[in-house]
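J.: Here's a structure for you.
Each reported figure results from applying straightforward, stated rules to the coordinates on display, with no laboratory input. Here the structure is a predicted model, which means the values were calculated and not measured. Positions of Cβ are backbone-derived with ideal geometry, glycine not excepted, and every protein chain shown enters the neighbour counts.
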Amino acid sequence: MTAVSNPVRREPRRRLLHRALWVILTLLIALGAVCYWRPLWVVDRVTTAALRLAGVRSDYVRLGSYRIHYLVGGEGKPLVLVHGLGGRAQDWAPMIPSLMRHGYRVYAPDLLGFGKSDRPDVDYSIALQDEILEQFFQSQRIAQADLGGWSMGGWVVLRFTLGHPEQVRRLSVDDSAGIYFQRAFDPAIFHPKTVEQAESFLGWLTPQAGRIPRFIARDLIRETRSGAWVVDRAMKSFEAGTDLLDGKLQAIKAPVLIVWGQRDILIPLACGAEMHREIPQSLFEIFDGCGHLAPVACVNRILPETIRFLEAEPPLTAGTREFPQ
């Protein structure tokens with residue numbers, strides 16, 4: 001006999017299929033809306049998930065009266081990474097998993113006032129951030145570590161190394177602040193208020209910026225607004241000149257790697273050259289085509305050289321090397 005389909009059975013299946021399709025469509029619309037209105041939040045969530053899958057843990061530690069957030073992952077030799085002005089620990093995400101695979105226990109704190117750390121009413125000076133880093137070492141029972149610092153973070157780790165030489169095995173700084181230079185930018189670029197200002201801000205950070213979609217620019221404006229007062233307070237402290245390192249760096253005896261984006265217009269290449277001059281045992285590496293965001297935009301070129309510096313025995317010979325595009 002030929003089987004006859006039952007229309008009564010087919011109808012509930014159709015309804016279930018229609019409902020499933022509507023649910024999927026609704027979710028896709030919601031996801032599209034979130035990506036449109038908060039694209040940087042989406043990137044943050046994806047980055048956080050990727051770090052978690054790589055074995056990186058997010059945690060907090062109480063340092064005096066301040067609650068400090070940090071990322072930590074891996075087993076082996078301790079390596080502490082310090083972010084720049086307006087940044088956060090997650091800025092090191094492109095490097096952290098690879099460093100962990102090379103046998104490092106990587107720590108990346110959010111400095112006071114940045115990321116998920118507390119934002120008290122303080123001066124946000126380099127001296128204060130140096131104290132925070134010292135307390136962080138103590139809280140994690142780190143007797144000695146390799147140190148990495150980017151931009152303002154480079155300034156912090158250079159000062160820390162001067163004050164605590166026995167706790168630093170090797171030091172790597174990327175497009176580091178800390179040496180006096182005639183500022184060519186308005187500090188207001190760090191908290192843009194218009195789409196055009198957001199594009200200008202990214203142009204200062206990287207030559208690869210170009211034009212960005214307006215919806216991303218609008219979200220960048222929102223993201224920088226809440227921490228604008230901290231950045232302004234820090235810039236005011238920097239410009240007082242109290243914490244500048246000119247003429248002091250020759251006291252550093254640890255092996256030092258100075259990395260610079262050749263097209264950095266935020267902190268000029270001349271600052272890296274002066275650091276190299278003051279630290280005779282330093283290795284000065286210049287990456288053509290890269291700007292201030294070199295550790296992210298040029299990570300595939302910079303990371304292997306950083307690992308080579310950290311692992312070399314004996315330490316790499318001092319000098320200057322230029323890496324073409």
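J.: How large is Rg/Rh for the chain, to two decimals, with Cα atoms and a Kirkwood Rh?
T.: 1.10
J.: Can I ask one more? Would you pull out the residues with amide H under 5 Å of ASP110's amide H, same chain only if 5 or more places away, H placed 1.01 Å from N?
T.: Placed amide hydrogens put HIS69, TYR70, LEU71, ALA89 under 5 Å from ASP110.
J.: On to the next question. Given a Förster radius of 35 Å and the C-beta distance between GLN135 and LEU40 as r, what FRET efficiency does 1/(1 + (r/R0)^6) yield to the nearest 0.05?
T.: The calculated FRET efficiency here is 0.70.
J.: Something else about it: Taking amide H positions as placed 1.01 Å from N in the peptide plane, with prolines and chain starts having none, which residues 5 or more places from GLY148, or on another chain, fall under 5 Å of its amide H?
T.: VAL80, LEU81, VAL82, SER172
J.: Choose one answer from ILE252, ILE307, ILE126: the residue with the largest mean-square fluctuation in a GNM of the chain with alpha-carbon springs under 10 Å.
T.: ILE307
J.: Let me ask another. Straight-line reach only, C-alpha to C-alpha below 12 angstrom: list the aspartates and glutamates that LYS193 could link to, leaving out same-chain residues fewer than 8 apart.
T.: Filter leaves ASP219, GLU223.
J.: Longest span of the chain, sites excluded, free of trypsin sites (Lys or Arg not before Pro) in DSSP loop with at most 10 other C-beta atoms within 10 Å?
T.: Answer - 1-140.
J.: Something else about it: Report the one residue of ILE258, ILE126, PRO78 whose Cα lies farthest in the direction of the positive end of the charge dipole of the chain (charges on C-beta: Lys and Arg +1, Asp and Glu -1; origin at the Cα centre).
T.: PRO78
J.: Tell me which lysines have Cα within less than 29 Å of LYS248's Cα, excluding those fewer than 8 residues away on the same chain?
T.: Leaving aside lysines fewer than 8 places away in the same chain, those within reach of LYS248 are LYS77, LYS236.
J.: Fewest first, what order do ASP59, ASP110, ASP44 take by the number of other Cβ atoms within 10 Å?
T.: ASP59, ASP44, ASP110
J.: Another question about this same structure. Please list, by residue number, every one of the chymotrypsin sites (Phe, Trp or Tyr not before Pro) in the range 192-255 that is coil in DSSP and has at most 13 other beta-carbon atoms within 10 Å.
T.: Here no loop site has a sparse enough neighbourhood.
J.: Rounded to the nearest 5, what % of the DSSP beta bridges within the chain are antiparallel ones?
T.: The answer is about 30 percent antiparallel.
J.: Continuing with the same structure: In the range 101-138, whose amide N lies under 11 Å from the spot 7 Å out along Cα-to-Cβ of LEU162? List them in ranges.
T.: 127
J.: THR317 to ASP59: extension gain in nm, 0.36 nm per residue of separation minus the Cα-Cα distance?
T.: Once the chain is fully extended between THR317 and ASP59, it gains 89.1 nm.
J.: May I ask you to evaluate 6.51 cos²θ - 1.76 cosθ + 1.60, the Karplus curve with θ = phi - 60°, for each residue of the range 215-222 and list the ³J(HN,Hα) values in order in whole Hz, giving x for glycine and proline?
T.: Calculated HN-Hα couplings, in order: 5, 6, 4, 4, 5, 4, 4, 4 Hz.
J.: Express in nm, to one decimal, how much length is gained between PHE215 and ALA270 on full extension, taking 0.36 nm for each residue of separation and deducting their alpha carbon distance.
T.: 16.2 nm
J.: Could you work out how far helix 39-53 tilts from the main Cα principal axis of the chain, as a 0 to 90 degree angle to the nearest 10?
T.: The angle comes out at about 80 degrees.
J.: Tally Lys/Arg at +1 and Asp/Glu at -1 over every other residue whose Cβ is under 13 Å from the Cβ of GLU278; what's the total?
T.: Neighbourhood net charge equals +1.
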